[in-house]
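Chemist: Take a look at this one; I'll ask things after.
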Amino acid sequence: MASPSIVWFRDDLRLTDNPALRAALDRDEPIVALYLLDEESEGVRAIGGAARWWLHGSLASLAERLEDRGASLVLRRGAAAKVLPALVDEVGAGAVFWNRRYGGAEREIDAGIKEKLRDDGVTVASFAANLLYEPWTVRTQGDKPYGVYSPFSRAVQKLPAPRPPMPEARKVPGISASVDSDDLASWELLPTKPDWAGGLRETWEPGEPAAKARLREFLDEDLGDYSKYRDEFAGGATSNLSPRLRWGELSPYQVWHDTLEHKGSGQHAQSASGFLSEIVWREFAWHVTYHSPDIATVNWRKNFDAFPWPRLNRSHLEKWQRGDTGVAVVDAGMRQLWKTGVMHNRVRMVTASFLIKNLLIDWRHGEQWFWDCLVDADAASNPFNWQWVAGSGADAAPYFRVFNPETQRKKFDAHDEYVREWAPEYLGENPPEPMVDLGETRKRALDAYAHVRHGG
């Protein structure tokens, strides 16, 4: 009698380099592929609107690819601790495989499920798939997690090279019995009233095939110019792989090894190293989050709890959200975010700095807005990078580093290509006036920081 294996897909929506899927294939029993939308378990952060849009497309693509290979994607909704064991009983599964998650609540959920199923005699195994190095493996000489990027990066370089990626699963034998599944449309992941996702559809194609195509395109056409043009707001040297990694349509192992194969020499090699350092930065964010799972709500540097945030000026926050601040680069960035679900990385820093330091609005308000608007928002990188700009996080930019939007515009958008695309009114005869004076508000921010510097 068959004893099916359940593969529980999470942030790993791919058939290539998927250790959980590989373990199920090696077990040589029929496979039930599961995606579980858990919006009920305590502590699990509900994904934002743009992320929901991406998830719909990526699941549709995964379902189609599994179907082509002999299996069906089962969609279930609810608390994982209830839904997964129920499915095990329903199909008579003898094994459950998944790739590890690193958020605090998610780890607790997974550990509880693993214990229950093993007590019931079910084989359960989890795998490293979405980080190059497990967060508990990179430690200081004092056996503590790193809080600064540079020594973290040096430590990583001394570790064994990341494993090579596993091949794509060409056949996935499904079970013969029919298994009930939710209809993807019933989850209502796509916006309808209103349908604000037109710009997302124009910009992106979710799913593993498109992810692989973009990786090849980036490595073949853009990698050589990455170091030279990556900071240009309107440049074409950015990888656009962040949502692919966030949803696991690509693994970091694939990106790492494929980049090394294209490394070349000279300027090209320098660009490749610069790009790989961004992959290590992503690792760092997740390692910090593993040890500080409340990073989206709590200052990593506790002394920042003394920061005297003024009462929220909701009008100022809304102007920032709309891209109506009177500051060209900030408005261009916020409009790009709303339409496309992404923003150039340097512009993210500029817009975040403006909100936190020029408007004196708590970084948590900005983090939540990005969480809702970014297709690549993940539970580590988004809050980690917001805290970096705020000065309250690991390896943080010093608080007195205030990104001047006009200086950044002159340096990285010298011909106003970016502003022309997203905020063209600033190139007219009567450009909008800034909502605040950049110099005065910078001084106000530094005065407020004195409370932190002097211990409150």
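The values are calculated or read from the model by the stated rules, or taken from the named source; none is laboratory data. In this text, all values refer to a predicted model and were calculated from it rather than measured experimentally. Here the Cβ positions follow ideal geometry from the backbone for every residue, glycine too, while neighbour counts run over all protein chains shown.
Chemist: Please go through the stretch 289-301 and pick out each residue that is part of a helix (DSSP H, G or I) and under 14 Å from the mean Cα position of the chain (by Cα). Before the answer, list the steps.
Modeler: Restricting attention to the stretch 289-301, the residues satisfying the condition of being part of a helix (DSSP H, G or I) are 289-291.
Answer for the stretch 289-301, where residues must be part of a helix (DSSP H, G or I) and under 14 Å from the mean Cα position of the chain (by Cα): just Thr289.
Chemist: Could you check Asn303 against (1) farther than 29 Å from Tyr226 by Cα; (2) at pLDDT 95 or above and say which number it fails?
Modeler: Going through the list (1) farther than 29 Å from Tyr226 by Cα; (2) at pLDDT 95 or above, Asn303 breaks only (2).
Chemist: Give me a count of the residues in the stretch 189-233 that are farther than 21 Å from Glu249 by Cβ and among the small types (Gly, Ala, Ser).
Modeler: Result for the stretch 189-233: 3.
Chemist: Output yes when any residue across the stretch 19-31 is farther than 22 Å from Asp372 by Cβ and part of a strand (DSSP E or B), and no when none is.
Modeler: From the stretch 19-31, those farther than 22 Å from Asp372 by Cβ are 19-31; that's our starting set.
Right, trim to part of a strand (DSSP E or B) and you get 31.
The answer is yes, given that some residue of the stretch 19-31 is farther than 22 Å from Asp372 by Cβ and part of a strand (DSSP E or B).
Chemist: Right, here's the next one. When you look at Arg244, is it out of contact with any strand residue (DSSP E or B) (no Cβ under 7 Å at 6 or more places or on another chain), of a type in the set (Lys, Arg), surrounded by 15 or more Cβ atoms within 10 Å (Cβ to Cβ) and farther than 30 Å from Ile361 by Cβ, yes or no?
Modeler: Numbers: out of contact with any strand residue (DSSP E or B) (no Cβ under 7 Å at 6 or more places or on another chain): yes; of a type in the set (Lys, Arg): yes; surrounded by 15 or more Cβ atoms within 10 Å (Cβ to Cβ): yes; farther than 30 Å from Ile361 by Cβ: yes.
Judged against the criteria, Arg244 is a match.
Chemist: In the stretch 2-36, which residues are crowded, with 23+ Cβ neighbours inside 10 Å, among the polar types (S, T, N, Q) and more than 16 Å from Ser176 (Cβ to Cβ)?
Modeler: Of everything in the stretch 2-36, just one residue is crowded, with 23+ Cβ neighbours inside 10 Å, among the polar types (S, T, N, Q) and more than 16 Å from Ser176 (Cβ to Cβ), namely Asn18.
Chemist: Note down all Cβ pairs under 9 Å where the first residue falls in the stretch 178-198 and is surrounded by fewer than 10 Cβ atoms within 10 Å (Cβ to Cβ), the second is in a loop (DSSP other than H, G, I, E, B), and they're at least six residues apart or on different chains.
Modeler: Short answer, once both residue conditions are applied: Ser178/Ser72.
Chemist: Name the residues in the stretch 180-204 that are in a loop (DSSP other than H, G, I, E, B) and either under 22 Å from Leu62 (Cβ atoms) or polar (S, T, N, Q) (or both), would you?
Modeler: Passing the criteria: Asp180, Ser181, Asp182, Asp183, Glu188, Leu189, Leu190, Pro191, Thr192, Ala197, Trp204.
Chemist: Looking for something in contact with a Pro (Cβ under 9 Å, 6 or more places away or on another chain), in a helix (DSSP H, G or I) and either basic (Lys, Arg) or surrounded by 20 or more Cβ atoms within 10 Å (Cβ to Cβ) (or both) - is there at least one such residue anywhere in the stretch 66-77? Steps first, please.
Modeler: Step one: of the stretch 66-77, the residues in contact with a Pro (Cβ under 9 Å, 6 or more places away or on another chain) are 69-71.
Going one step further and asking which of them are in a helix (DSSP H, G or I), we end up with 69.
From what's left, either basic (Lys, Arg) or surrounded by 20 or more Cβ atoms within 10 Å (Cβ to Cβ) (or both): 69.
Yes: one or more hits.
Chemist: Would you check if there is a residue in the stretch 183-200 being more than 23 Å from Ala46 (Cα to Cα) and charged (D, E, K, R)?
Modeler: Within the stretch 183-200, none of the residues are more than 23 Å from Ala46 (Cα to Cα) and charged (D, E, K, R).
Chemist: Still on this structure, I have one more. Give Ala213, Ala237, Ala272 a once-over and let me know the one that is on the phi < 0 side of the Ramachandran plot, out of contact with any Cys (no Cβ under 7 Å at 6 or more places or on another chain) and surrounded by fewer than 16 Cβ atoms within 10 Å (Cβ to Cβ).
Modeler: So the residue among Ala213, Ala237, Ala272 that is on the phi < 0 side of the Ramachandran plot, out of contact with any Cys (no Cβ under 7 Å at 6 or more places or on another chain) and surrounded by fewer than 16 Cβ atoms within 10 Å (Cβ to Cβ) is Ala213.
Chemist: Mind listing just one residue for me: the one in the stretch 100-143 that is part of a helix (DSSP H, G or I) and aliphatic (A, V, I, L, M) and, of those, nearest to the chain's Cα centre (by Cα)?
Modeler: Within the stretch 100-143, the match that is nearest to the chain's Cα centre (by Cα) is Ala105.
Chemist: Sticking with this structure for a sec: So which helices (runs of 4 or more DSSP H) are wholly in the stretch 339-429 and hold at least 2 residues that are more than 29 Å from Pro206 (Cβ to Cβ)?
Modeler: Here the list reads 405-412.
Chemist: Under the condition of being in contact with a His (Cβ under 8 Å, 6 or more places away or on another chain) and of a type in the set (A, V, I, L, M), which residue from the stretch 285-320 is surrounded by the most Cβ atoms within 10 Å (Cβ to Cβ)?
Modeler: Taking the candidates together, the pick is Leu317.
Chemist: Filtering the stretch 144-179 down to residues that are small (Gly, Ala, Ser) and part of a loop (DSSP other than H, G, I, E, B), which residue is farthest from Ile6 (Cα to Cα)?
Modeler: Gly147
Chemist: Determine the pairs where a residue that is on the phi > 0 side of the Ramachandran plot, located within the stretch 35-57, has a partner that is small (Gly, Ala, Ser) and modelled with pLDDT of 95 or more with Cβ atoms under 6 Å apart, the partner being 6 or more residues away or on another chain.
Modeler: Gly43/Ala105
Chemist: Whether any residue in the stretch 156-174 is acidic (Asp, Glu), surrounded by 14 or more Cβ atoms within 10 Å (Cβ to Cβ) and modelled with pLDDT of 95 or more is what I want to check.
Modeler: Taking every residue of the stretch 156-174 in turn, at least one turns out to be acidic (Asp, Glu), surrounded by 14 or more Cβ atoms within 10 Å (Cβ to Cβ) and modelled with pLDDT of 95 or more.
Chemist: Tally the residues that are within 18 Å of Leu360 (Cα to Cα) and either part of a helix (DSSP H, G or I) or not assigned by TED's automatic domain parsing to the domain that holds Ile361 (or both), restricting the search to the stretch 302-328. Explain how you work it out, then say what you get.
Modeler: If we filter the stretch 302-328 for residues that are within 18 Å of Leu360 (Cα to Cα), which is where we start, we get 303-327.
Filter once more, keeping what is either part of a helix (DSSP H, G or I) or not assigned by TED's automatic domain parsing to the domain that holds Ile361 (or both): 303-306, 314-322.
Residues in the stretch 302-328 being within 18 Å of Leu360 (Cα to Cα) and either part of a helix (DSSP H, G or I) or not assigned by TED's automatic domain parsing to the domain that holds Ile361 (or both): 13 in total.
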